[in-house]
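Below is one structure, written out as structure tokens; the observations come after it.
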Amino acid sequence: MSETTERIKCLIIGSGPAGYTAAIYAARADMKPVMYTGMQMGGQLTTTTEVDNFPGYPEGTDGTAMMEDLKKQSERFGTDVRFGMVTAVNLSNEVGGIHKVTIDEDKEIEANTIIISTGATAKYLGLESEMRLIGGGVSACATCDGFFYKGQEVVVVGGGDTAAEEATYLANICSKVYLLVRKDYMKASKAMQHRVDKTENIEVLYNTEVEEVLGTNVVTGVKAINNQTKETKEIPVTGVFIAIGHTPNSDLFKGVLDMDETGYLITQGKTTKTNMPGVFAAGDIQDKEYRQAVTAAGTGCMAALDAERYLGALE
């Protein structure tokens with residue numbers, strides 16, 4: 001090992017509910033975990049202003065505060081939380097092998113086990129007005145934030161299964177849902193389209209795109225354009241839900257770890273094991289179905305237990 005190489009039992013890549021929960025369990029198991037948080041310490045939840053559906057917060061909390069609570073809890077048991085970015089990996093395919101990871105292109109970590117909790121990034125439209133109002137009425141998760149728009153009118157952007165599912169979910173909460181579809185048809189499955197069509201308070205606008213999200217501090221509406229007729233109109237709403245997909249943060253592991261066609265890491269059965277021994281995946285990096293903080297935390301627990309059992313079997 002060089003002077004810049006460090007040997008550890010357990011490396012956690014990425015923070016957020018999965019990473020911090022894995023850290024709590026790994027630290028309590030005396031695995032002395034080291035976590036590198038990535039550039040967005042706390043993950044996606046730090047962009048959410050209010051969190052009302054995570055157990056243990058009867059009055060609710062905000063995403064940043066909750067991640068700080070989880071960070072402190074993991075540190076209480078001895079987790080070494082570091083701000084930094086994993087820039088390269090060299091994973092061993094041997095049971096008991098040592099995995100080598102480069103941090104910020106100059107420091108090398110050698111680890112017996114790795115827990116990957118790098119998450120997924122929601123896709124946005126890229127509008128300045130949209131990005132400015134994230135947390136002020138713009139959201140990428142109807143299940144997370146829909147409750148706050150009870151009885152109000154909202155917009156959902158997208159034409160796939162996710163958009164259809166979010167629109168029908170919101171229709172049970174909101175008075176009116178406008179579903180803006182960029183093409184003249186929906187990509188969603190026929191079953192999902194049927195659910196949309198039979199939901200009375202969903203209005204589907206085809207060939208329609210968001211030109212601007214309106215509002216200074218909070219959303220007051222959207223300026224939409226028909227991409228065929230070029231006609232524009234303002235739709236007064238208080239919430240805008242972007243449902244055009246997520247990108248798993250898995251580029252580092254392409255060609256090394258098994259993943260599906262969209263880049264989500266594949267885990268074995270009901271475990272968090274990847275195809276490499278001693279390497280585990282937790283949270284949104286391997287879950288494209290639920291994408292909730294509480295389910296991410298659950299898989300973080302599983303990953304730490306899987307890693308502990310893996311190390312135990314080597315002794």
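The values are calculated or read from the model by the stated rules, or taken from the named source; none is laboratory data. Worth saying up front: this structure is predicted, and the values here are computed from it rather than measured. Cβ atoms come from the backbone with ideal geometry, glycine included; neighbour counts cover every protein chain shown. With ligands, DNA and RNA removed, areas are computed over all heavy atoms of the protein, side chains included. Shrake-Rupley method; radii C 1.70, N 1.55, O 1.52, S 1.80 Å.
Taking the criterion of being farther than 24 Å from Gln44 by Cβ and part of a loop (DSSP other than H, G, I, E, B), the residues of region 82-138 that qualify are Leu91, Ser92, Asn93, Glu94, Val95, Gly96, Gly97, Ile98, Glu105, Asp106. Filtering region 133-152 to residues that are open to solvent by 30 Å² or more (accessible area, probe 1.4 Å) and either free of Cβ contacts under 8 Å to residues at least 12 places away in the same chain or of a type in the set (S, T, N, Q) (or both) leaves Thr143, Gln152. Right, Ala111: in contact with a His (Cβ under 8 Å, 6 or more places away or on another chain) and surrounded by fewer than 22 Cβ atoms within 10 Å (Cβ to Cβ) or not? Criteria not met by Ala111. Those strands (runs of 3 or more DSSP E) of region 210-304 in which 3 or more residues are open to solvent by 30 Å² or more (accessible area, probe 1.4 Å) occupy 221-226, 232-235. Take the conditions (1) outside any helix (DSSP H, G or I); (2) touching a Phe, Trp or Tyr at 6+ places or on another chain (Cβ under 9 Å); Ala163 misses just one of them, which is (1). Within region 77-86, identify whether any single residue is within 26 Å of Ala191 (Cα to Cα) and crowded, with 16+ Cβ neighbours inside 10 Å, and answer yes or no. No, region 77-86 contains no residue that is within 26 Å of Ala191 (Cα to Cα) and crowded, with 16+ Cβ neighbours inside 10 Å. Filtered by the rule that a residue be open to solvent by less than 30 Å² (accessible area, probe 1.4 Å), within 14 Å of Thr121 (Cα to Cα) and either part of a loop (DSSP other than H, G, I, E, B) or of a type in the set (Ser, Thr, Tyr) (or both), region 6-47 gives Gly14, Ser15, Gly38, Gly42. Pairs linking a residue in region 56-74 that is at positive phi to a residue that is surrounded by 16 or more Cβ atoms within 10 Å (Cβ to Cβ), with Cβ atoms under 7 Å and 6 or more positions apart or on different chains, are Gly60/Val51.
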